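All of the numbers you see were taken from the coordinates with simple rules; none came from a lab. Keep in mind that what you see is a predicted model, and the values were worked out from it rather than measured. Because the Cβ atoms are built from the backbone with ideal geometry, glycine has one as well, and the counts that use them run over all protein chains shown.
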Amino acid sequence: MRRKFCGVRRAVALMAIAALGGGLLAGCAEDSNAPGAAGQGGKDGKGRTVVTVGVFGVFGYKQAGLYDAYEKLNPGLTIKETSIERVDQYYPQLLTHLGTGSGLQDIQAVEVGNIAEVAAKHADKFADLGTADGVDKSTFVPWKWAQATAKDGKTVGLGTDIGPMAICYRKDLFRKAGLPTDREEVGKLWAGDWRKYVDTGEKYMSKAPRGTVFVDAAGGVYNAVVSGNAERYYGKSGKLIYQDSPAVKEAWGLAMDVIDGKMTAKLKQFDKTWDQAYANGRFATVSCPPWMLGYIKEKAGDKAKNQWDVAPAPKPANWGGSFLTVPEAAKNKAEAIKLAAWLTAPEQQAKLFEKQASFPSSQAAYRLPQVADARHEYFDNAPIGKIFADAAKGIPTLVVGEKDQAIQTAITDVGILQVEQQGRTPDQGWAAAVKNIDNALDQ
């Protein structure tokens with residue numbers, strides 16, 4: 001929570017799609033087939049068992065060579081992946097297929113913003129992966145495991161990745177604005193408090209290089225701040241609390257402050273204008289989970305190599321992440337469970353991070369060299385393995401409600417954008433967001 005980031009993860013899709021973050025694209029769909037072709041299963045022309053995998057955007061398993069590796073280990077089996085580009089199209093189709101009991105892939109990916117609804121309302125339609133051979137609960141980040149576990153203890157999904165937060169920043173622009181450029185010194189500017197991040201923005205704007213601003217979008221600031229809190233839109237009891245949530249109030253207030261201080265480029269994340277702003281060096285910082293690195297590299301291009309760097313975020317937070325599930329109606333259920341367990345094992349998660357920058361939801365993977373020793377050449381050889389592993393350790397156990405996506409999207413893509421782009425007052429923006437949420441929740 002994976003976004004048209006070819007080669008990167010769609011984990012982001014969640015924040016920008018109509019439900020995940022507001023219409024954002026979940027990734028470049030490769031190996032995509034018509035939705036009607038889903039769930040064919042059975043045997044291929046050579047008599048091999050076909051295990052079908054349904055994902056949204058680019059999960060990276062093919063690109064990282066994991067499908068090929070598994071097929072070599074299991075010569076009588078072949079894997080066929082179907083990808084639907086947008087999460088807001090993928091998830092409704094999944095619900096439709098669950099309702100009819102047909103058209104399902106053997107493995108179905110589920111975005112973090114939807115997993116609470118799946119666990120609460122549809123757990124009976126999925127296999128219990130917590131009891132599957134080869135699955136070790138202790139290797140996963142505890143809060144990630146909990147997100148896919150129903151009240152009766154059934155675990156409907158295995159975590160693929162998480163999105164621990166950092167801040168990506170332009171060293172060249174910081175230097176021109178009189179700010180430090182060393183990543184450790186930059187991290188100290190805002191360590192422990194998002195308010196310090198906004199204060200740094202004020203300092204930047206006082207000497208900002210011509211044509212630049214401190215941050216890409218107020219919605220990105222909001223998302224980074226709110227995502228570091230256990231309770232955001234729902235309380236631990238399951239009650240809707242977003243209107244009185246301290247986390248939402250803090251995040252909304254800081255988003256309004258960066259708008260008021262004219263610190264933002266007034267962009268909607270994952271729109272084409274956002275992509276162009278990367279290429280043009282329009283803004284100096286962006287809230288940055290691991291999957292964002294590949295996106296920045298692609299959009300900013302070779303001319304910005306070694307200009308971008310990575311520093312710790314003010315506080316640990318999580319943006320994105322998904323799960324693999326196996327429907328009870330899967331045609332090759334037993335083989336699908338084995339594949340899902342293998343793909344989410346620590347060794348495979350580490351390789352996926354090495355190849356695709358999808359940060360492991362397996363804490364056991366953090367000790368493996370592909371993660372522990374990872375550096376990113378484009379970002380001035382930043383030690384991204386250590387930065388993101390440290391951030392992951394501090395992420396709180398997030399309470400994810402059934403309509404998290406719809407609420408977040410309304411706040412960022414309706415409320416905040418009306419203030420940022422249309423000049424509405426904060427009160428007017430908030431009222432618009434609440435109205436949109438009420439409609440989404442049928443209140």
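One table, with the values for the structure above:
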item	result
Shape call, segment 50-101: gyration tensor on alpha carbons, a/c limit 1.5	oblate
Relative exposure of Leu441, Leu352, Leu293, judged by other C-beta atoms within 10 Å (fewest first)	Leu441, Leu293, Leu352
Shape call, segment 215-335: gyration tensor on alpha carbons, a/c limit 1.5	oblate
Out-of-range pairs (alpha-carbon distance over 21 Å; input Lys80/Lys403; Lys154/Lys236; Lys305/Lys351; Lys236/Lys338)	Lys80/Lys403; Lys305/Lys351; Lys236/Lys338
Extension gain from Arg210 to Gln428, taking 0.36 nm per residue of separation minus the Cα-Cα distance	75.3 nm
Structure-based [θ]222 nm, the chain - -39500 (n - 2.57) summed over DSSP H runs of at least 4, per residue, nearest 500	-11000 deg cm²/dmol
Length gained when the stretch Ala120-Asp260 is fully extended (0.36 nm per residue, less Cα-Cα span)	46.4 nm
Estimated FRET transfer efficiency (Asp438, Arg195; beta-carbon r; R0 25 Å; 0.05)	0.25
Difference of contour (0.36 nm per residue) and Cα-Cα distance, Lys151 to Asp380	77.9 nm
Segment 82-122 versus segment 230-260: alpha-carbon centroid distance in Å	27 Å
For Pro142, net neighbour charge (Lys/Arg +1, Asp/Glu -1) across residues whose Cβ lies under 14 Å away	+2
Separation of alpha-carbon centers, segment 161-226 and segment 281-342, rounded to whole Å	20 Å
Radius 15 Å from Cβ of Gly42, net charge of other residues (Lys, Arg +1; Asp, Glu -1)	+3
Exposure proxy ranking, count of Cβ atoms within 10 Å, fewest first, for Asp172, Asp427	Asp427, Asp172
Set of segment 57-74 residues, backbone N closer than 16 Å to the point 7 Å along the Cα-Cβ line of Asp373	none
Computed FRET value (nearest 0.05) for Glu71 with Lys299, which takes r as the C-beta separation and R₀ as 30 Å	0.35
Within the chain, percent of DSSP bridges classed antiparallel, to nearest 5	65 percent
Where only C-alpha atoms are counted, convex hull volume of segment 383-443 per residue in Å³	121 Å³
Proximal lysines to Lys262, defined as alpha-carbon separation beneath 25 angstrom and excluding residues fewer than eight positions away on the same chain	Lys171, Lys176, Lys188, Lys196, Lys203, Lys207, Lys249, Lys272, Lys299, Lys315
Largest to smallest principal axis extent of the C-alpha atoms in the chain, angstrom	67, 49, 37
Segment 166-312, relative contact order [Cα under 8 Å, separation at least 6], %	39 percent
DSSP bridge pairs, segment 35-174: antiparallel proportion in percent, nearest 5	15 percent
